[in-house]
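Student: Could you have a look at this structure, given as structure tokens, before my questions?
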Amino acid sequence: MRYGTRVTTWCAGLAATLVAVVLVSAAIGPTSLSPVVVGKAILNAVAVPTGVRLGKQALVVPGGLTIGVPALDLRYGHVFSFAVPHTAEVIVVRLRLPRIALAGVVGFALATAGVVMQGFFRNPMADPSIIGVSSGAAVGAVATIALSISIPFALPLFSFGGAIAAAFSVYLLATQNGRTPVATLLLAGVAVQTLLGAVVSFLLLRSGRSLREAVLWLMGHLHNASWTKVGLALPVSVLGFAVLLAFAADLNVLLLGEEDAHNLGVEVERTKRLLLTVASVVTAAAVSVSGVIGFVGLVVPHIMRLLVGPDHRILLPTSALAGAVFLVATDTVARSAVGAVDLPVGIVTAFLGAPFFLYLLRKREVRSL
């Protein structure tokens, strides 16, 4: 089967699976709903811009004076108007759908970064946190909680900053004379992760009454999902995915080795920097809004590599969609499997992912890259 046909077929199938999982997930909860009602409620929420007009917005200037400044006012119209009970619409659109959407975005991002990291390091055991991104985010988040920093968006902002700072530090430590050997990068990542783990432990000891909140974040959870968090993570994840997909062919060539890739016309160091930077930013965006969720970026790429093969032009988009499906499904289990207890989704992904990964190892179906 040709490349275009294969990628279209697999992506269409996974997209359909994602839609089905979203409908079922939104139907499950303390108040059970029909998937048909859920689908109608979601369609009713779809709105498109129908016009724009120039209006005014109040702006407070120093001295307490309020002035009106020009502002664009977009008008929206709803495409669908199915008959759905108001209570059902509120439950789906305002309560359940933000969490489902956030799970989809985070799963999409982690699986995307996992594919790239495994290809970059030519190591099937690599995952998005291998260069300390998750540990850096953990330091930023736990510090924010322990120090009770209360500025707007403090938790995602500081965790994102910590993740990027950790990745940048690892890159600087591993780079010598303009070159970044993969083995050195891997060892530097392990060292920085260990150091940052000690910092997190110290901050936990100093967190006092905030200990439970900090530990909950480290477990990885989507309890406080909102459309604002979706809006923070979605653009970064989609843009990063688009950039990485554009370099999928170069990533295929890098699997042959850096010398062969250079001989075939790939700018090796430039491509490595770009792949590492974008994958780190995508991971940071996901971790900053969800906490540390393991195994998504490790197991999902393995499963898809067994199904579609090692070509990153196909593996990257299919793994991204499969990651979204996986995390939406596991988060549904996390919030509904144990009665009224809402488990952190990181517990469920580890509980399901670790045994499955061990099964693959026993069956020797973990493919080298």
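Student: Inspect all residues belonging to the range 120-138 and state whether any of them is modelled with pLDDT of 85 or more and either farther than 30 Å from S207 by Cβ or aromatic (F, W, Y) (or both).
Tutor: Within the range 120-138 (the criterion being modelled with pLDDT of 85 or more and either farther than 30 Å from S207 by Cβ or aromatic (F, W, Y) (or both)), the answer is yes, since at least one residue qualifies.
Student: Now, a different point. Can you tell me which condition Y171 does not meet? The list is (1) over 20 Å from G114 (Cβ atoms); (2) over 16 Å from the mean Cα position of the chain (by Cα); (3) in contact (Cβ under 8 Å) with a residue 60 or more places away in the chain; (4) not in a loop (DSSP other than H, G, I, E, B), and all the others hold.
Tutor: (1)
Student: Please identify the pairs in which a residue from the range 1-20 that is more than 14 Å from D311 (Cβ to Cβ) has its Cβ atom under 7 Å from the Cβ atom of a residue that is hydrophobic (A, V, I, L, M, F, W, C) and not in a helix (DSSP H, G or I), counting only partners at least 6 apart or on another chain.
Tutor: No pair meets every condition.
Student: Still on this structure: Scan the range 1-10 for residues that are part of a helix (DSSP H, G or I), surrounded by fewer than 16 Cβ atoms within 10 Å (Cβ to Cβ) and touching a helix residue (DSSP H, G or I) at 6+ places or on another chain (Cβ under 9 Å) and jot them down.
Tutor: Answer for the range 1-10, where residues must be part of a helix (DSSP H, G or I), surrounded by fewer than 16 Cβ atoms within 10 Å (Cβ to Cβ) and touching a helix residue (DSSP H, G or I) at 6+ places or on another chain (Cβ under 9 Å): just Y3.
Student: Need the failing condition index for G161 against (1) closer than 22 Å to F295 by Cβ; (2) part of a helix (DSSP H, G or I), just the number.
Tutor: Exception for G161: condition (1).
Student: In addition: Please state which one of A284, A242, A249 is part of a helix (DSSP H, G or I) and surrounded by 22 or more Cβ atoms within 10 Å (Cβ to Cβ).
Tutor: Answer to the selection: A284.
Student: Given L239, L203, L254, L244, which one is touching a helix residue (DSSP H, G or I) at 6+ places or on another chain (Cβ under 8 Å) and either without any contact (Cβ under 8 Å) to a residue 24 or more places away in the chain or farther than 25 Å from A165 by Cα (or both)?
Tutor: Criteria check complete, one pass: L254.
Student: OK, next. Answer yes or no as to whether A279 is surrounded by fewer than 16 Cβ atoms within 10 Å (Cβ to Cβ), touching a residue at least 24 places away in the same chain (Cβ under 8 Å), within 15 Å of L316 (Cα to Cα) and not hydroxyl-bearing (S, T, Y).
Tutor: Spelling it out, it is not the case that A279 is surrounded by fewer than 16 Cβ atoms within 10 Å (Cβ to Cβ), touching a residue at least 24 places away in the same chain (Cβ under 8 Å), within 15 Å of L316 (Cα to Cα) and not hydroxyl-bearing (S, T, Y).
Student: Quick one: S368 ticks every box in (1) part of a helix (DSSP H, G or I); (2) modelled with pLDDT under 90; (3) hydroxyl-bearing (S, T, Y) except a single one, so which number is it?
Tutor: Going through (1) part of a helix (DSSP H, G or I); (2) modelled with pLDDT under 90; (3) hydroxyl-bearing (S, T, Y) one by one, S368 breaks only (1).
The values are calculated or read from the model by the stated rules, or taken from the named source; none is laboratory data. Just so we're clear, the structure is a prediction, and the values are computed from it rather than from any experiment. Virtual Cβ from ideal backbone geometry, glycine too; neighbours counted across all protein chains shown.
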